[in-house]
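The values are calculated or read from the model by the stated rules, or taken from the named source; none is laboratory data. Only a predicted model underlies this, so the values are computations on that prediction, with no experimental measurement involved. Don't worry about glycine lacking a Cβ; one is built from the backbone with ideal geometry, like all the others, and counts go over all protein chains shown. Heavy atoms of the whole protein, side chains included, go into the accessibility calculation; ligands, DNA and RNA do not. Shrake-Rupley method; radii C 1.70, N 1.55, O 1.52, S 1.80 Å.
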Amino acid sequence: MPRLLFFFLIISTFYYAQNGIITGSVTDARTGEILIGVNIIVNELENIGAATDVDGEFSINVPVGMYSIKASLIGFKPVIKTDIAVTSGRESHVVLTLVETSLELEQITVEADYFDQSLIENDLSTVVLSAEEVRRSPGSSQDFQRILQGMAGVSFSNDQNNELLVRGGSPNENLTVFDNIEIHSTNHYPNEFNSGGPINMINVDLIQDIQFSTGGFISKYGDKLSSVLNVSTREGTRTRDFSGNGNLSMAGYGLVAEGKINGGEGSWLLSARKSYIDLIAGSFGLTAIPFYYDLQGKVVYDLSDKHKLSLSGIYGNDRIDIDGEVDTEDASKAGVIDSVESQIINVRQYQYAAGMTLKSLWSKKFYSLLTISKNNYNNDLAVTNDFVRRQYDNSGKVISTNKITSKDMYSEVSDNGETAFKAEFVYSPEHWAELSFGGAIKFIQYTTSQNVAADSVIYDTNGDGLFETKIFRPDVLIDYKFDFFQHNKNYFFVNQKLKLLNERLILNLGLRYDTFTYSQQSNLSPRVSASYYIVPQLTSLSFAYGEYYQTQALPLYGDRYQTEVNRYLGNSHARHFVAGLEHIFDKGLKLNLEAYYKKYEDLPFSEELIHFTDRTFRSERQLNVGEKDVYGIDLQVQQKLVDNIYGTVSFSRMWSEVEDPRIGYEGNSFVSDYDFPYVFTAIIGKRFVNLRSDLDDMPFFIKYPSMVLPFSDDMEISLRWRYASGKPYTPREFVGYERHWEGNTRYSRGWWVPTADINGSRYPDYHRLDLAFNSRYNFENWNLVVFLSIQNLYNHKNIAFYIYNSDGTTDNVYQFSILPVAGLEIEF
């Protein structure tokens, strides 16, 4: 700690202000054509600006700091881009797109757009984030999915995962698009049933922008029921041969490098990161130690002024070993010797995605996108149960353990890949009409080999203590394989966008067709949305309706005995109705209020659940009998960084109802697994300018003590507070009439069985406060960023879930306690 304070003292004394450069390009949002003569002004500086040249590019020299710029051109709607961080000796590159407008300027003042409306494909239920907004958000650890968890309509299950639960949907209902490549997940430690994970693979330094739509999305997107997450990465620098930065934090370290190709006709960009928690785990007493690294890159080259080729890729490698904890403390077991099962989980994974896209501008009215991509997810999982004898001392602490037996319960080696050929065409005969159409063929490659250990259960069905019923299932090896070109998913879509009534009415009319050859299921999905501006450009009413279908996760089509009993499982279906009100206030302040209704049908439920009352019933069959209704209200107020203040307030109220599919419970219902009635998030941030200089002018008893803290002339402090209703769960009871074979030595003395009250209880309500602190220091031709984040500042004990032990006891598993994360980044 003294060394850290000395470090801050040194840099506080010797850093000084420098100049930087804002560069950028401006194109037509509709066609991608370069725009010449666009007027660019820096809002925070008087008489500082530029105009785009014949290549649609501009360059402005400014002092280091945080800026916003305004881009305007006659016949186009002005755009204001905020959160432009200018650092010494480096360029801050901005990509701007302008939307052609037909507004009658004599009657209407064309308002500048703070909210990247030109990027948004869906006219409602959509938020756009920049890299800087991701970087500074408190409690996010620079993970954009953790930021999206705080948006209206989104909830989360626990701190350990960045999964997105959108308007009552499961974490497998979210489509992720990475540089025009549809992939399962951008996270470390994913699985086939969840697009989330504990840590995101995408480096925030490579992000251009993020679009997230929570409902009513257009026909271009499908095979998911709830949301679309579209991640676009930036290009590398086209003005320097080499530029880079390095970062170091408590979680790991990384490098980013970039440069131009062939004099600026192209660029390359590369990121590499690696964790080192495994090296310092002993200092924190960690038993489950994650190890991971990731690579990300992008190469772009202009074949001509009309054709651009881009190649994007990402790779992640993960490993974690989770050892069951048996050294618990229980005063009721003072002096006792007992035995318990302990589970050990070993995970080895890797995944990658790569794609090449050719964008061709054929005319001012027509362009195309052709993409070929490959993504793959490999999982090697092993689960072992140890049967352990424990001895407690007189205070109830475990003083010795002895492993009696060990049994391999489950192992899986699976490889899930997809090779896709995708084409999209956009034709705009007039500025008020845009027709987009296209499709894709995706070849599925899937191989899995699973070893499932034998299990034996005995039942005392009539309560006489004799356990007359026994069910034994032997060891089984499950093998499935889809060869390349054997099975594929295909889709075709068309969408007509119209701007009518002097751009006060915006319509999207779409149709989509999906098919999956393995299950032989196909669906037709109409989509309609409309937005009407009550006050031109400022206040609008919107409505969307759409049909959405989703194929099942591939493991769900299999079964223990490989009888293909689930091969023809139907696709799940959701019908969306969304109505919204949006109002844009002055200076980057926007309000969104939306009401929605989602009608789910054909959700898969296991036949064992349907025969819930018979604990001896066994079946591998899945049935499309699930029906669910979800409806709610979402409110979000967003303030962009203007006048050094930014923030977001979101509130969601949700109701859900699942029709009970169980025999004997007809006509009943229960709340869904992802029912969070109340979710509230508040984020507020303040940027401080010249704070270090102001402190230097203070009396010595303020000036010198302040030097031990990372105060600079460019720093931000932000807070986030989150509240969510407790997650529902099904209560369990420990019964003696059901006993499982454990440890290869004996039957358990009972078992935890679910009660009939599905999701009838809730964990305690969740809340936590996060603090983030970012400070920039500028030196000659390089700069330093110091960041500090404290998650769960008041150390509230949020419960993640309960563990039900085979001896009849339970343990609480808590979410993150107070967690400080510090780090630094050097840019050069």
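If one takes the longest principal axis of the Cα atoms in the chain, at what angle in degrees, from 0 to 90 and to the nearest 10, does the Cα axis of helix 2-14 lie?
So the helix axis and the longest Cα principal axis differ by about 10 degrees.
Which chymotrypsin sites (Phe, Trp or Tyr not before Pro) in the stretch 779-824 pass both tests, a DSSP loop state and at most 12 other beta-carbon atoms within 10 Å? Don't jump to the answer; show the numbers that get you there.
Numbers: sites: PHE779, TRP782, PHE787, TYR794, PHE801, TYR802, TYR804, TYR814, PHE816; in loops: TYR794, PHE816.
Counting only loop positions with at most 12 other Cβ atoms within 10 Å, the chymotrypsin sites (Phe, Trp or Tyr not before Pro) in the stretch 779-824 are TYR794.
In the chain, carbon and sulfur make up what percent of the accessible area (probe 1.4 Å)?
Details: 20010 of 34780 Å².
Answer for the chain: carbon and sulfur cover 58 percent of the accessible area.
Mind checking which lysines have their C-alpha under 23 Å from LYS703, skipping anything on the same chain fewer than 8 residues away?
Cα-Cα hits under 23 Å: LYS686.
Expressed as a rounded percentage, what relative contact order does the chain have, with Cα pairs under 8 Å and six or more residues apart? Provide the component values of the computation, followed by the final result.
On the way: 2315 pairs, mean separation 85.0, N = 828.
Answer for the chain is 10 percent.
Under 5 Å between amide H atoms, partner at least 5 residues away or on a different chain: which partners does ASP113 have, H built in plane at 1.01 Å?
VAL79, ILE80
Rounded to the nearest 0.05, what FRET efficiency is calculated for LEU556 and GLU780 with R0 set to 45 Å and r the Cβ-Cβ distance? It would help to have the intermediate numbers written out before the result.
Numbers: r = 59 Å, r/R0 = 1.31.
Working from the Cβ atoms, E equals 0.15.
Kirkwood-based Rg over Rh for the stretch 671-828 (C-alpha set), two decimals? Don't skip to the end; give the middle numbers.
On the way: Rg = 25.0 Å, Rh = 20.2 Å.
So for the stretch 671-828, dividing Rg by the Kirkwood Rh gives 1.24.
Could you order peptides 710-721, 602-613 by the average number of other Cβ atoms within 10 Å of their residues, highest first? Kindly include the intermediate steps, with their values, before the conclusion.
Numbers: 710-721: 21.1, 602-613: 17.3.
Ranking, from highest mean packing down: 710-721, 602-613.
With a cut-off of at most 11 other beta carbons within 10 Å, and DSSP calling the residue loop, which GluC sites (Glu not before Pro) in the stretch 21-52 qualify? Please list them. Each step should come with its number before you reach the end.
Numbers: sites: GLU33, GLU44, GLU46; in loops: GLU33, GLU44, GLU46.
When the GluC sites (Glu not before Pro) of the stretch 21-52 are filtered for loop state and at most 11 Cβ neighbours within 10 Å, GLU46 remain.
Tell me, what ³J(HN,Hα) does each residue in the stretch 599-606 have, in order and in whole Hz, if you take phi through Karplus 6.51 cos²θ - 1.76 cosθ + 1.60 with θ = phi - 60° and put x for Gly and Pro?
9, 8, 9, 6, 6, x, 10, 6
Quick one: accessible area per residue over the chain, 1.4 Å probe, rounded to a whole number of Å²?
Values: 34780 Å² over 828 residues.
For the chain, the solvent-accessible area averages 42 Å² per residue.
Tell me the accessible surface of LYS727 in square angstrom (1.4 angstrom probe, heavy atoms of protein chains only), to the nearest ten.
In the full protein context, LYS727 sits at about 60 Å².
What Kirkwood Rh does the stretch 776-828 have if only Cα atoms enter the pairwise 1/r average? Answer in Å.
On the way: mean 1/r = 0.0690 Å⁻¹.
Evaluated on the stretch 776-828, it is 14.5 Å.
Please give the length that would be gained between SER368 and LEU524 if that part of the chain were fully extended, namely 0.36 nm times their separation in residues minus their C-alpha to C-alpha distance (nm, one decimal). Display every interim value, and only then the final one.
On the way: separation 156, 0.36 × 156 = 56.16 nm, distance 2.41 nm.
In short, 53.8 nm is gained.
Quick one: Kirkwood hydrodynamic radius for the stretch 224-276, alpha-carbon pairs, angstrom, one decimal? Spell out each step's value before the answer.
Details: mean 1/r = 0.0761 Å⁻¹.
Here the Kirkwood hydrodynamic radius works out to 13.1 Å.
Apply the Kirkwood formula to the stretch 307-368: the hydrodynamic radius equals the inverse of the mean of 1/r over all pairs of different alpha-carbon atoms; give it in Å with one decimal. Walk me through the intermediate numbers first.
On the way: mean 1/r = 0.0564 Å⁻¹.
The Cα-based Kirkwood calculation yields 17.7 Å.
What order, most packed first, do the peptides 330-337, 236-243 have when packing is the mean number of other Cβ atoms within 10 Å of each residue?
Details: 330-337: 12.4, 236-243: 17.2.
Listed from highest to lowest mean packing, they are 236-243, 330-337.
I'd like the Karplus ³J(HN,Hα) series for the stretch 586-598: coefficients 6.51, -1.76, 1.60, θ = phi - 60°, whole numbers in Hz, and an x wherever there's a Gly or Pro.
Karplus values, whole Hz, x for Gly and Pro: 6, 6, x, 10, 10, 10, 10, 10, 9, 10, 9, 9, 10.
Note down the net charge around PRO705, summing +1 for each Lys or Arg and -1 for each Asp or Glu among other residues with Cβ under 14 Å from its Cβ.
On the way: positive: ARG692, LYS703; negative: ASP696.
With Lys, Arg at +1 and Asp, Glu at -1, the net is +1.
Under 13 Å Cα to Cα from LYS224, which aspartates and glutamates show up? Leave out anything in the same chain fewer than 8 places away.
Those aspartates and glutamates meeting the cut-off are GLU173, GLU182, ASP514, GLU547.
Per residue of the chain, what 222 nm ellipticity follows from adding -39500 (n - 2.57) for every DSSP H run with n ≥ 4, rounded to the nearest 500? Don't jump to the answer; show the numbers that get you there.
Values: 7 runs with 49 residues, N = 828.
Only helices count here, giving -1500 deg cm²/dmol.
For the stretch 652-693, list log₁₀ I(q)/I(0) at each q in 0.25 Å⁻¹, using the Debye formula over Cα point scatterers of equal strength and ignoring solvent, two decimals each.
So the normalised log intensities work out to -0.89.
Taking every eigenvalue of the Cα gyration tensor of the stretch 473-531, multiplying by 5 and rooting it, what semi-axes result, largest first, whole Å?
Working from the Cα gyration tensor, I get semi-axes of 43, 13, 9 Å.
If a paramagnetic tag sat 7 Å from the Cα of ALA334 along the Cα-Cβ line, which residues of the stretch 397-415 would have the backbone N under 20 Å from that point?
Label zone hits: 397-400.
Which order do peptides 141-151, 757-767 fall in by mean Cβ count within 10 Å, highest first? Walk me through the intermediate numbers first.
Details: 141-151: 24.8, 757-767: 15.7.
Per-residue Cβ counts within 10 Å, averaged per peptide and sorted highest first, yield 141-151, 757-767.
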